[in-house]
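Below is one structure, written out as structure tokens, with a few remarks after it.
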């Protein structure tokens, strides 16, 4: 009788350990999801810009080349490539009519950051034809 009880106790401990492990794994996954938070990019946009800055960028684009230039001065450290390169290329388009020298300078600075095969590469090549 004692042997049967010992076997039942060992089986119970193994079962309880498996249940604890499953519970612990689930809780760790939930905590990891909370730490990661919401996605750090706006839907339909390239990664590298926090969604909270999208509204201010759109406002700056309405202000033309000066607005985008000022926005980049304020927020350049908060934006990462490839989105930073995309914003720089937008600035090249906006400033190109009034200051082609500035457009060429920014285009030369962006070129090393855009790899072949990326979504921005085709746009970069088109702008290089306009501002050689």
Worksheet item: Out of the stretch 92-128, which residues are in contact (Cβ under 8 Å) with a residue 40 or more places away in the chain and more than 14 Å from residue 81 (Cβ to Cβ)?
Response: none
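Just a yes or no: is a residue in the stretch 46-60 under 22 Å from the mean Cα position of the chain (by Cα), under 20 Å from residue 122 (Cα atoms) and surrounded by 13 or more Cβ atoms within 10 Å (Cβ to Cβ)? Break it down into steps so the answer makes sense when it comes.
Start the filter on the stretch 46-60 by keeping residues that are under 22 Å from the mean Cα position of the chain (by Cα), which leaves 46-60.
Going one step further and asking which of them are under 20 Å from residue 122 (Cα atoms), we end up with 46-48.
Still in the list and also surrounded by 13 or more Cβ atoms within 10 Å (Cβ to Cβ): 46, 48.
Checking the stretch 46-60: at least one residue is under 22 Å from the mean Cα position of the chain (by Cα), under 20 Å from residue 122 (Cα atoms) and surrounded by 13 or more Cβ atoms within 10 Å (Cβ to Cβ).
Looking at the stretch 60-81 only, could you name the residues that are touching a residue at least 24 places away in the same chain (Cβ under 8 Å) and out of contact with any helix residue (DSSP H, G or I) (no Cβ under 8 Å at 6 or more places or on another chain)? Please lay out each step first, then the result.
Just the residues of the stretch 60-81 that are touching a residue at least 24 places away in the same chain (Cβ under 8 Å), to begin with: 61, 64-65, 68-69, 78-81.
Listed by number, the list holds a single entry, 80.
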Worksheet item: When the stretch 75-122 is examined, which residues are found to be in a loop (DSSP other than H, G, I, E, B) and either under 16 Å from the mean Cα position of the chain (by Cα) or on the phi > 0 side of the Ramachandran plot (or both)?
Response: 79, 80, 81, 82, 114, 117, 118, 119, 120
Practice prompt. Could you check residue 66 against (1) more than 21 Å from the chain's Cα centre (by Cα); (2) surrounded by 14 or more Cβ atoms within 10 Å (Cβ to Cβ) and say which number it fails?
Written response: (2)
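A short reminder: the numbers here are calculations on the coordinates, not readings from a lab. What you see is a predicted model; the values in this text were computed from it and never measured. No Cβ is skipped: glycine too gets one built from the backbone with ideal geometry, and neighbour counts run over all protein chains shown.
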